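S.K.: One structure is given below, represented as C-alpha cells, and several questions about it will come after.
Any read-out appearing in this document is the output of simple, stated calculations on the displayed coordinates, not a laboratory observation. Please read all numbers here as calculations on a predicted model, not as lab measurements. Neighbour counts are summed over all protein chains in view; Cβ atoms, including those assigned to glycine, are modelled from backbone coordinates with ideal geometry.
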Amino acid sequence: MIYNSFNNAGLVKVLTFLQTHNTEYLSGQDLSDVLHISRVAVWKHIKKIQELGYVVESKQKLGYKLVSNSELLLPWEVTAELKTKTIGQRAFYLDSTDSTQNWALKMAEDSENDGAVIIAGKQTGGKGRSGRRWVSPKGGIWMSVILRPKFDISVTTLFPIASSLALSYAIERIFKETPELKWPNDVTIKGKKVAGMLVYASLESNRIENLVLGIGINFDVDVKQVEKSLKNTPNFYGVATLRDLNQKIRPVQLVRQFLLELEKIYALLNGQKTKEIISEWTKRSSTIGKEVEISTLNGKARGMALRIDEDGALVISNKKGNSRIVAGDIVHLSK
Ligand code: BTN
C-alpha cells in the first residue's frame, strides 16, 4: 500500500481536526457535522488512523481524543510544516518495499513528480553504492528524492557529495552535533557510518533527464544487528545510529530539515555556485589530509587525500604525483 496526501484526504481531515483539538474529546457526531462526512466514514478513518500508529483514546459517551502522533514518516506528517518550495511537497510512504529507488525510478518518468519524495518504513532489497545491498530495517529513514535539475551533466558527480553536506547541516541543526563527511558520500559520527547516498542519473544525449537520490539514514536501528549482517562487506567500518545522540527527536523533524537543506544546496548547484559547497564539505571532511587507499574499477590507489575538485573527484598525492579519483571505495589509513 502506498500512501500520499491526495488519496487520503478524508483521513487527513479527521486527523488534522483531532490534532488541533487534542485537549478534548470529540464525539463521532461532532466530527461528522463539522467535517461534513458520515459517522461511518468518521469511524473508518479513526480506525485507520489508529492502525497507522496514532494513539486515539475512545471513550463511550465522550468520543475520541488524540493522545500521541505516529512515528511513521507519513506524507501528511512530512509536508506539515515543511518549509520547502518544491522538494518533498509531493510525498509518498510505503510500509515495506524492495527499494524506494525502484519506485522513484518509475515515478521519475512523470514530470509531475519533480521534487517528490518516496519513503519506506523498511526495505527488503535496499541498494547501496557499488552494487552492494543496504540493510534497511524498521527504525531507519529510507527515502528517494526525484529531481529534474537544470545543472550541467558535469555537476552530476558533485550532487551526492553536496547532498551528504545537506544531511550534515540537517543533523547539525536538529541534533546539535556536527557529523563528519567521508568521501564520497558517507555521513559519519565518531568514525561510524550514520548515512549514505546513492544517485541514479537518467541521461538523454548530453542532458540530465532526471536524478534519483537515495538517502539511507540509520536513525533508530539496532546497531549490533545491522553490523552483524554487514560484517563481511569489503571496507565496512561500522554503523552508528542517530538515536544514541538524542532520545526525543522525531524522525520527521530530520526529514523536513534535510529536504529544506537539500533544496538550498540544489539551488546552489543549479546556479553553478559550487565553491561554497566544496569549501563547506572540506571543512567537515574526515578524508582530506589523511593517507588513504581507494579501490577503483582500475585497481587500488594509495596516497594523501589533498582536496576535491569541482566535480567531486578526490585528488590524491603519492610518489607518482597527483591523481584524480572519480569513484571508488575508500579506506582511511591514517588517523
Ligand atoms: C551507500 O551505499 O552508502 C548508499 C546507500 C543508500 C541507501 C538508500 S536507502 C533509500 C534508497 N533506497 C535504496 O534501495 N537505497 C537508497
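S.K.: Provide the gained length on full extension for the span Gln29 to Lys248, in nm with one decimal, where the gain is 0.36 nm per separating residue minus the Cα-Cα distance.
M.R.: On the way: separation 219, 0.36 × 219 = 78.84 nm, distance 3.55 nm.
So the extension gain works out to 75.3 nm.
S.K.: To continue, here is another question. Specify the angular offset, from 0 to 90 degrees and rounded to the nearest 10, of the alpha carbon long axis of helix 275-284 from the longest principal axis of the alpha carbons in the chain.
M.R.: 90
S.K.: Using a Förster radius of 45 Å, what is the FRET efficiency between Ser295 and Gln272 based on their Cβ-Cβ separation? Nearest 0.05, please.
M.R.: Values: r = 31 Å, r/R0 = 0.70.
For R0 = 45 Å, the calculated efficiency reads 0.90.
S.K.: Follow-up question, since we're still on this one. Within the set of other residues whose C-beta is less than 15 Å from the C-beta of Leu82, count the net charge using Lys and Arg as +1 and Asp and Glu as -1.
M.R.: Numbers: positive: Lys83, Lys85, Arg90, Arg173, Arg250, Arg256, Lys264; negative: Glu77, Glu81, Glu261, Glu263.
So the environment of Leu82 carries a net charge of +3.
S.K.: Determine the calculated [θ] at 222 nm for the chain from helices alone, applying -39500 (n - 2.57) to every DSSP H run no shorter than 4 residues and normalising by the residue count; nearest 500 deg cm²/dmol.
M.R.: Per the formula, -9000 deg cm²/dmol.
S.K.: Which far-off residues, 5 or more places away or on another chain, put their amide H under 5 Å from the one on Val56, with H placed in the peptide plane?
M.R.: Amide H neighbours of Val56, under 5 Å, 5+ apart: Val67.
S.K.: What is the set of long-range amide H partners of Ser136 at a cut-off below 5 Å, with H atoms built 1.01 Å from backbone N?
M.R.: Residues meeting the amide H criterion: Gln123, Gly126.
S.K.: Here's a follow-up. Residue by residue through segment 130-137, what is 3J(HN,Hα) from phi via Karplus (6.51 cos²θ - 1.76 cosθ + 1.60, θ = phi - 60°)? Round to whole Hz and write x for glycine and proline.
M.R.: Residue by residue, segment 130-137 yields 6, x, 7, 8, 10, 5, 10, x Hz.
S.K.: Here is a follow-up. What does the chain give for Rg and for Dmax, in Å, if only its C-alpha atoms count?
M.R.: Calculated on Cα positions, Rg and Dmax stand at 22.0, 82 Å.
S.K.: Here's a follow-up. Length gain on complete extension for the stretch Glu51 to Arg302, per 0.36 nm per residue less the alpha carbon to alpha carbon distance?
M.R.: Details: separation 251, 0.36 × 251 = 90.36 nm, distance 5.31 nm.
Value of the extension gain: 85.1 nm.
S.K.: Also: For the pair Lys59 and Ile153, what calculated FRET efficiency results from E = 1/(1 + (r/R0)^6), where r is the Cβ-Cβ distance and R0 = 51 Å, to the nearest 0.05? Display every interim value, and only then the final one.
M.R.: Working: r = 61 Å, r/R0 = 1.19.
Efficiency, rounded to the nearest 0.05: 0.25.
S.K.: Moving on. What is the extension gain from Lys190 to Asn322, computed as 0.36 nm multiplied by their sequence separation minus the C-alpha to C-alpha distance, in nm to one decimal? Walk me through the numbers before you get to the answer.
M.R.: Values: separation 132, 0.36 × 132 = 47.52 nm, distance 2.92 nm.
Here the segment from Lys190 to Asn322 would lengthen by 44.6 nm.
S.K.: Then there is this: Taking 2.2 N^0.38 Å as the expected size of a compact globular protein, what ratio does the Cα radius of gyration of segment 231-296 give against it, to two decimals? Walk me through the intermediate numbers first.
M.R.: Details: Rg = 16.4 Å, N = 66, 2.2 N^0.38 = 10.8 Å.
The reported ratio for this selection is 1.51.
S.K.: Sticking with this one: Could you work out the local net charge near Glu293, counting Lys and Arg as +1, Asp and Glu as -1, over the other residues with Cβ closer than 11 Å to its Cβ?
M.R.: Working: positive: Lys290, Lys300, Arg302; negative: Glu291, Asp329.
Neighbour charge sum, excluding Glu293 itself: +1.
S.K.: Rank these for me by crowding, Leu105, Leu203, going from fewest to most other beta carbons within 10 Å. Intermediate values should be presented prior to the final figure.
M.R.: On the way: Leu105 18, Leu203 12.
So the ranking, lowest neighbour count to highest, is Leu203, Leu105.
S.K.: Still on this structure, please answer the following. Of the peptides 20-31, 44-55, 83-94, how do they stack up when ordered by the mean number of other Cβ atoms within 10 Å, highest first?
M.R.: Ranking, from highest mean packing down: 83-94, 44-55, 20-31.
S.K.: Would you mind checking the pairs Lys13/Lys106; Lys228/Lys319; Lys231/Lys264; Lys47/Lys106; Lys138/Lys190; Lys182/Lys273 and listing those with alpha carbons more than 27 angstrom apart? Don't jump to the answer; show the numbers that get you there.
M.R.: Working: Lys13/Lys106 30 Å; Lys228/Lys319 38 Å; Lys231/Lys264 36 Å; Lys47/Lys106 32 Å; Lys138/Lys190 23 Å; Lys182/Lys273 22 Å.
Checking Cα-Cα distances, Lys13/Lys106; Lys228/Lys319; Lys231/Lys264; Lys47/Lys106 exceed 27 Å.
S.K.: So, R0 is 25 Å and r is the distance between the beta-carbons of Glu109 and Lys228; what FRET efficiency does that work out to, to 0.05? Mind showing how you got there, number by number?
M.R.: Working: r = 38 Å, r/R0 = 1.52.
After rounding, the FRET efficiency stands at 0.10.
S.K.: Rg to Rh ratio, segment 178-220, alpha-carbon atoms and Kirkwood radius?
M.R.: Radius of gyration relative to Kirkwood radius: 1.15.
S.K.: Take the Cα pairs of segment 2-68, get the Kirkwood Rh, then feed it into Stokes-Einstein at 37 °C and 0.692 mPa s and tell me D in µm²/s. Don't skip to the answer; put the middle values down first.
M.R.: Working: Rh = 11.8 Å.
The Stokes-Einstein estimate is 278 µm²/s.
S.K.: Here's a follow-up. Can you list the HN-Hα couplings for segment 171-182, worked out from phi with the Karplus curve (6.51, -1.76, 1.60; θ = phi - 60°), rounded to whole Hz and with x for Gly and Pro?
M.R.: Per residue, the Karplus-derived 3J(HN,Hα) values read 4, 4, 5, 8, 9, 6, 9, 8, x, 9, 10, 10 Hz.
S.K.: Just the Cα atoms of segment 291-332: what Rg and Dmax do they give in Å?
M.R.: Cα radius of gyration and Dmax of segment 291-332 are 9.2, 24 Å respectively.
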